[in-house]
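Readers should treat all values here as calculations from the given coordinates under stated rules, not as data from a laboratory. Just so you know, these numbers come straight off a predicted model, no measurement behind them. Heads up, the Cβs are rebuilt from the backbone with ideal geometry, glycines too, and the neighbour counts pull from every protein chain shown.
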Amino acid sequence: MKNITFYGRFEADILAGRKTITLREASDADFAAGDQVRVSRYEDDVFFCNIEIIAITPVQFAVLNDQHAIQENMTLAELKQVISEIYPGLNELFMIEFRLL
Ligand SMILES: CC(=O)Nc1cc[nH]c(=O)n1
């Protein structure tokens with residue numbers, strides 16, 4: 001089974017179904033719709049759930065909008081700040097939509 005990591009600060013939102021997408025650089029988006037993926041925390045690799053990938057869609061940082069922010073359980077300003085910190089200067093992102101298993 002493939003694995004994906006999330007920062008620990010996102011764990012509660014994922015488990016509660018409040019965060020249903022993740023925005024990743026290309027090297028971190030090697031998934032396909034239907035993949036079942038093991039999810040662990042980036043900081044300590046502790047497993048916390050499995051997810052199913054619903055879709056992978058290219059998206060540019062420049063066109064991130066309120067719908068993306070809602071799916072991340074953030075404001076758009078928060079989302080842009082977070083993504084800028086994780087991927088400084090990167091415009092070409094991939095939106096990975098997922099559901100909890
Ligand atoms: C570990 C890691 O890169 N986590 C990320 C990155 C972007 N979005 C997200 O939800 N989690």
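List of remarks:
- Mean separation of Cα contacts under 8 Å, 6 or more apart, over the residue count of the chain: relative contact order %: 37
- The residue list 22, 32, 5 was ranked by how far each Cα lies along the charge dipole of the range 2-54 toward its positive end, using unit charges on Cβ atoms, and 22 comes out on top.
- Remark: the range 41-48, residue by residue, has Karplus-estimated 3J(HN,Hα) of 7, 4, 5, 9, 6, 6, 5, 9 Hz, where x stands for each Gly or Pro and the curve is 6.51 cos²θ - 1.76 cosθ + 1.60 at θ = phi - 60°.
- The peptide list 24-30, 69-75, put in order of mean Cβ contacts within 10 Å with the highest first, becomes 69-75, 24-30.
- For the range 16-101, a crude dipole built from +1 on the beta carbon of Lys and Arg and -1 on the beta carbon of Asp and Glu, taken about the Cα centre, is about 240 debye to the nearest 20.
- Using θ = phi - 60° and Karplus 6.51 cos²θ - 1.76 cosθ + 1.60, couplings along the range 84-101 (whole Hz; Gly, Pro as x): 5, 6, 6, 10, x, x, 8, 9, 8, 10, 10, 8, 9, 8, 9, 9, 5, 9
- Entry for the chain at q = 0.20, 0.22, 0.24 Å⁻¹: log10 I(q)/I(0) = -1.04, -1.28, -1.52, Debye formula applied to identical alpha-carbon scatterers, no solvent contribution.
- Among 48, 61, 77 - extreme Cα towards positive end, dipole of the chain, charges at beta-carbon: 48
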